[in-house]
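Student: Here you go, one structure.
The values are calculated or read from the model by the stated rules, or taken from the named source; none is laboratory data. Treat the numbers as computed from the prediction; the structure is a model and nothing was measured. Please note: Cβ atoms are built from the backbone with ideal geometry, for glycine as well, and neighbour counts cover all protein chains shown.
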Amino acid sequence: MVNSGVIMLKLAKRFWARPYALHWEIRALTQSTAVYDRSKSYEIKVFDVEYLESGGTKWMARIYQPQGQGPFPAFLDVHGGAWQGGSRTDGEVVDRALARSGVLVAAIDFRTAPDHKYPSQVADVNYGIRWLKSTAKEYNGDASRLGALGRSSGGHTTMLAAMRPDDPRYKSIPLPSGEDVSAELTYFIGASPVLDSYARYLYAKESGQERLMAGSLSYFGDEETMQEGSPQVILDRGEKVTMPPTLIIHGTADGNVPNYIPERFTESYRAAGGDIRLELFEDMYHSFVKDASPETDSATVMIQDFMAKHLAA
């Protein structure tokens, strides 16, 4: 049972920070009923729903729903694609494995470059977090301790959304219900994440990777914006941010994101007071967790263990 004194202390602190989110905070602190036991196995149902309409375009979420009593802890999947591609189906391997172990997974599509510049993707992910918190019960889920996985550029986008959950630019899309739901995450998992958009651009430029350079410029437009929207640079300049517990999974043979980017970010995040863990997979390539392999199986177990720890906190 949740201790009432702890609840009131948390509510008081959060009320003064975000008074209009009080209704959601009461629900989140008192209605967490999901239990995660990854040793269990469930049949799953996979289907698509519309989660966002923007500019006349409908954006879909793929739901991986365990079939059982529930409620099941909810989880958001954000794909990569150099800010200009990718699909909600990219995480199929891990998403199915998580759902079979008793997690309600929602994998979302969102606006991409060149038609949609920064911070459009971050705004969509911020909305996706709030949307899942407000609708998880419809899918037999519990989003009171919501975590998210971001791959590659999706790792950049999701970490940025996690660090600045109340940024007005990011929280610019209202929920249809008008409910003021917090966009904070309980924990974050990055798979080959681009945690420094500016350093990655410089790396691509120096190594002659035209595709990566084009993707960065297509989304950010210029180097100044890359720095403004870089999680690493945000830490470097001492910006006050939200810092959820974080797990980073990275292959040492990643040709898109050099090893020094996650290593430096891990040092900076920890120095700023954040709880972070970096897991390196020897000789594995960029976004290897998209593919079925023994290494992806090992990464999935790490993800499940990390989830279980923070769902039980």
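Student: Criterion first (farther than 24 Å from LEU160 by Cβ and in a strand (DSSP E or B)) does TYR51 satisfy it?
Tutor: Considered against the rule, which asks whether it is farther than 24 Å from LEU160 by Cβ and in a strand (DSSP E or B), TYR51 comes out as no.
Student: List the number of the failed condition for VAL46; all other conditions in (1) out of contact with any Asp or Glu (no Cβ under 8 Å at 6 or more places or on another chain); (2) modelled with pLDDT under 95; (3) closer than 22 Å to ASP124 by Cβ hold.
Tutor: Unmet for VAL46, out of (1) out of contact with any Asp or Glu (no Cβ under 8 Å at 6 or more places or on another chain); (2) modelled with pLDDT under 95; (3) closer than 22 Å to ASP124 by Cβ: (2).
Student: Would you check which residues across region 276-300 are in a strand (DSSP E or B), in contact with a Ser or Thr (Cβ under 6 Å, 6 or more places away or on another chain) and surrounded by 18 or more Cβ atoms within 10 Å (Cβ to Cβ) and list them?
Tutor: Across region 276-300, the qualifying residues are ILE276, LEU278.
Student: Could you tell me whether ARG237 is under 19 Å from PHE265 (Cβ atoms), of a type in the set (D, E, K, R) and over 20 Å from the mean Cα position of the chain (by Cα)?
Tutor: yes
Student: Is it the case that region 181-199 has a residue that's part of a helix (DSSP H, G or I) and loosely packed, with under 15 Cβ neighbours inside 10 Å?
Tutor: For region 181-199, residues part of a helix (DSSP H, G or I) and loosely packed, with under 15 Cβ neighbours inside 10 Å: absent.
Student: Out of SER172, SER153, I need the residue that is of a type in the set (Ser, Thr, Tyr), surrounded by fewer than 22 Cβ atoms within 10 Å (Cβ to Cβ), in contact (Cβ under 8 Å) with a residue 40 or more places away in the chain and at negative phi. Which one?
Tutor: SER172
Student: Just for region 130-180: of the residues that are part of a strand (DSSP E or B) and of a type in the set (Gly, Ala, Ser), which one is nearest to ILE248 (Cα to Cα)?
Tutor: Going through the qualifying residues, I end up with GLY150.
Student: Right, here's the next one. Look through ALA61, ALA82 and report the one residue that is of a type in the set (A, V, I, L, M), part of a loop (DSSP other than H, G, I, E, B) and closer than 30 Å to MET213 by Cα.
Tutor: Sole residue among the options that is of a type in the set (A, V, I, L, M), part of a loop (DSSP other than H, G, I, E, B) and closer than 30 Å to MET213 by Cα: ALA82.
Student: In this structure, is GLY229 under 30 Å from LYS309 (Cβ atoms), small (Gly, Ala, Ser) and under 20 Å from the mean Cα position of the chain (by Cα)?
Tutor: Yes, satisfied.
Student: Oh, and also: Would you be able to tell me the number of residues in region 218-256 that are in a loop (DSSP other than H, G, I, E, B) and of a type in the set (D, E, K, R)?
Tutor: Counting residues in region 218-256 that are in a loop (DSSP other than H, G, I, E, B) and of a type in the set (D, E, K, R) gives 5.
Student: What number of residues within region 257-273 are assigned to a loop (DSSP other than H, G, I, E, B) and in contact (Cβ under 8 Å) with a residue 40 or more places away in the chain?
Tutor: Qualifying residue count for the region: 2.
Student: Further, regarding this structure: Got at least one residue in region 129-142 being under 15 Å from the mean Cα position of the chain (by Cα), of a type in the set (S, T, N, Q) and modelled with pLDDT of 95 or more?
Tutor: Within region 129-142, not a single residue is under 15 Å from the mean Cα position of the chain (by Cα), of a type in the set (S, T, N, Q) and modelled with pLDDT of 95 or more.
Student: Which members of region 240-259 meet the condition of being polar (S, T, N, Q) and under 19 Å from the mean Cα position of the chain (by Cα)?
Tutor: Within region 240-259, THR242, THR246 meet the criteria.
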